[in-house]
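Chemist: Please read through the structure below; I'll follow up with questions.
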Amino acid sequence: MAKLIVKDTEVNILKVNGEDYICLTDMLRTKDGDFFITDWLRNRNTLEFIGIWEKVYNPDFNYGEFAIIKNQSGLNSFKISVRNL
């Protein structure tokens with residue numbers, strides 16, 4: 001597995017079908033202060049970007065479920081979880 005060094009932090013790079021994917025958790029560790037991927041994912045702009053990416057690259061993308069998630073983003077009560085694959 002390839003790695004980048006960002007602000008003295010290793011960021012893993014995974015190659016899948018000739019495409020490089022960076023580890024977002026590793027990348028976010030370089031940010032100053034307490035900043036976790038779940039906070040980043042709660043941001044409406046982040047979710048809009050992910051939605052566009054999914055529409056382009058995921059033929060099985062569930063538009064209806066995503067619309068529900070996106071509409072809730074930004075609310076104080078909105079929480080989203082992540083899982084490692």
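Every number in this text was worked out from the coordinates using simple rules, so none of it is lab data. It should be emphasised that the depicted structure is a prediction, and the values quoted were computed from it without experimental measurement. Note that each Cβ is placed from the backbone with ideal geometry, even for glycine, and that neighbours are counted across all protein chains shown.
Chemist: Label points 7 Å out from Cα along the Cβ direction at residue 65 and residue 7: separation in nm?
Modeler: 3.3 nm
Chemist: Taking only C-alpha pairs under 8 Å that are 6+ residues apart, what is the relative contact order of the chain in percent?
Modeler: 20 percent
Chemist: If you don't mind, another one. Residue-wise, which Karplus ³J(HN,Hα) couplings in Hz belong to region 42-47, taking 6.51 cos²θ - 1.76 cosθ + 1.60, θ = phi - 60°, and x for glycine or proline?
Modeler: Coupling constants for region 42-47: 6, 5, 4, 5, 4, 5 Hz.
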